[in-house]
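As C-alpha cells, the structure follows; a few thoughts come after it.
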Amino acid sequence: MHRQMGAKMVEFAGWDMPVQFEGINAEHKTVRTTLGVFDVSHMGEFWAEGPHAFELVQKVTTNDVAALVDGKVQYSCLPNGKGGIVDDLLVYRFNTEKYLLVVNAANINKDWAHINSRNDVNAKLTNVSDEVSQLAIQGPLALKAMQKLTKESVENMEYYTFKVVEFAGVPDIIFSTTGYTGSGGCEIYIPNNKAEEIYKAVLEAGEEFGIKPIGLGARDTLRLESGFCLYGNDIDDTTSPIAAGLGWITKFTDGNDFIDRPLFESQKANGVSRRLKGFVMADKGIPRHEYEVADADGNVIGQVTSGTMSPMTHKGIGMAYIDKPYWKEGSEIYIKVRNKLLKAVVTRPPFYKA
C-alpha cells in the first residue's frame, strides 16, 4: 500500500519503511494543521500479566505505576542498572494484573531480554510484537475523523487514555489518545490480519478532512519541534533520565523502588554536569546530530543530539547535551557548522505550539 501511494522506502531497524510520500515539510504541515496517518507497526508490544505484573513493571520503569488507573497510559523509561536508559516506552494499565508495554522497534530484543532478566517475581510476559500492527492518526482533526469509525465516544477522550472498542467493524481494538507529534490524535493497535482493512478505512474516514499518509521523516521533525526525545539520539544506554530532562517521569514516591533509584535520586539532589537542552539558531544554519556545541571562544561545551530546520517556524532547532553552566535558558551558545561558529539560544521546547 505504501508503494502504491508513492512512498519512498528505506530500511529502518530491519523493516522496510516509508520515509516520505509527498515530502517531509508538506507532510509535517499536514499533521500540524489537519491530520495524517503513520504506519508504526514496527513498534514492539509486550504483555505483563498476573498477580505480580504490577511489581515487575514498577521495578523496571522509572515512573510510578501505582499512579495509573484502568484505561490510563504512562510515558516512562527502563533504567539499565548502570545509570543509563535501555529504552523509553508507554505503559498501559488494563487492570491491576494486566499491563501492555509499548517499546521502540530497534530495541525490541534488547528490551525483552532486559525485562525478562529482572522478572524474579514470575510475572507472565508475552512478546506480541510480531502479531500487532499499529497506526498513529495524528493532528487536530484526527479524533473527529476517527469518531466516524466507532460507536464509542472517542472525540473528547483525555490525553494519554485508552479504550478497547469496535473500530471499523473490527472488535477489541485498542484506541489510545497518545502519539509523538505534539498535535494530538490517537494510536490504534490492530491484529495483523486486519491491518490493511483498517488502514483503508482510516484513509477513507479522513478523506473529507484532508488526511494523508505520513512517513518517518516527518515523524522525526514533528517530535523534535515538540521537544520529544528520540532513543538512540537524545537518550541511550549512557544517558540518565535526570540529565535528559526526564525527571518528570522519574518518580521518587514511597514504594517505587525501581532500578537505579538511589543513583537518580542523588543526581536530582546534587545536580549533573551536563544536561539535555533545546536551542534555536539565531544565525542561519541547520544543526545536525553530533555537531559540536561551543562557547563564544570556540571551546567545546557540548554536542548536538537532534537538529533540523523547523517546518513551522523556519528556524534551525535542536537538542544538545550542554555543560554546566551554559545550559541556562536564554544563554547564547554556538554550534560548529563546517568549522564556523553559528550563534544559537538555549530555549525550552516545544519550539512550536499548535
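Just so it is clear, none of the values below were taken in a lab; they were calculated from the coordinates. What you see is a predicted model, and the numbers here were worked out from it, not measured in a lab. For neighbour counting, all protein chains shown are included, and Cβ atoms are generated from backbone atoms with ideal geometry for every residue, glycine included.
Does the chain classify as rounded, prolate or oblate by the C-alpha gyration tensor (a ≥ b ≥ c root eigenvalues; a/c under 1.5 gives rounded; else a/b over b/c gives prolate, otherwise oblate)? Judged from the Cα gyration tensor, the chain comes out oblate (a/c at least 1.5, b/c at or above a/b). Model label points for Glu207 and Asn95, set 7 angstrom from Cα along the Cα-to-Cβ axis, are 4.1 nm apart. Think of region 44-117 as a dipole: +1 on every Lys or Arg Cβ, -1 on every Asp or Glu Cβ, centred on the Cα centre; then among Pro51, Thr96, Pro79, Pro79 lies furthest on the positive end. The residues neighbouring Gly84, those whose beta-carbon lies less than 11 Å from its own, together hold a net charge of -3 under the Lys/Arg +1, Asp/Glu -1 convention.
As a calculated quantity, the FRET efficiency between Asn192 and Ser153 at R0 = 35 Å, using C-beta atoms, amounts to about 0.80.
Partner aspartates and glutamates whose Cα lies under 15 Å from the Cα of Lys8, excluding those fewer than 8 positions away in the same chain, are identified as Asp16, Glu22, Glu27, Asp39.
Taking 0.36 nm per residue of separation and subtracting the current Cα-Cα distance, fully stretching the chain between Ala113 and Ala269 would add 53.0 nm. When the pairs Lys144/Lys212; Lys72/Lys212; Lys324/Lys353; Lys251/Lys315 are compared against a 24 Å limit on Cα-Cα distance, Lys72/Lys212; Lys324/Lys353; Lys251/Lys315 fall above it. The alpha carbon gyration tensor of region 44-117 gives principal lengths a ≥ b ≥ c with a/c of 1.5 or higher and a/b greater than b/c, which makes the shape prolate. Share of antiparallel DSSP beta bridges in the chain, in percent to the nearest 5? For the chain, the DSSP antiparallel bridge percentage is about 95. In this calculation the C-beta distance from Lys144 to His2 is compared with R0 = 25 Å, giving a FRET efficiency of 0.50. The trypsin sites (Lys or Arg not before Pro) of region 1-94 that DSSP puts in a loop, and whose beta carbon has at most 15 other beta carbons within 10 Å, are Arg3, Lys82. Once both labels are positioned 7 Å from their Cα atoms along Cα-to-Cβ, the gap between Asp130 and Val300 label points is 4.3 nm.
Dipole size of the chain about its Cα centre, with +1 on Lys/Arg Cβ and -1 on Asp/Glu Cβ: approximately 1140 debye, rounded to the nearest 20. Alpha carbon centre of region 153-181 versus region 228-260: separation in Å? Cα centroid of region 153-181 versus Cα centroid of region 228-260: 27 Å apart.
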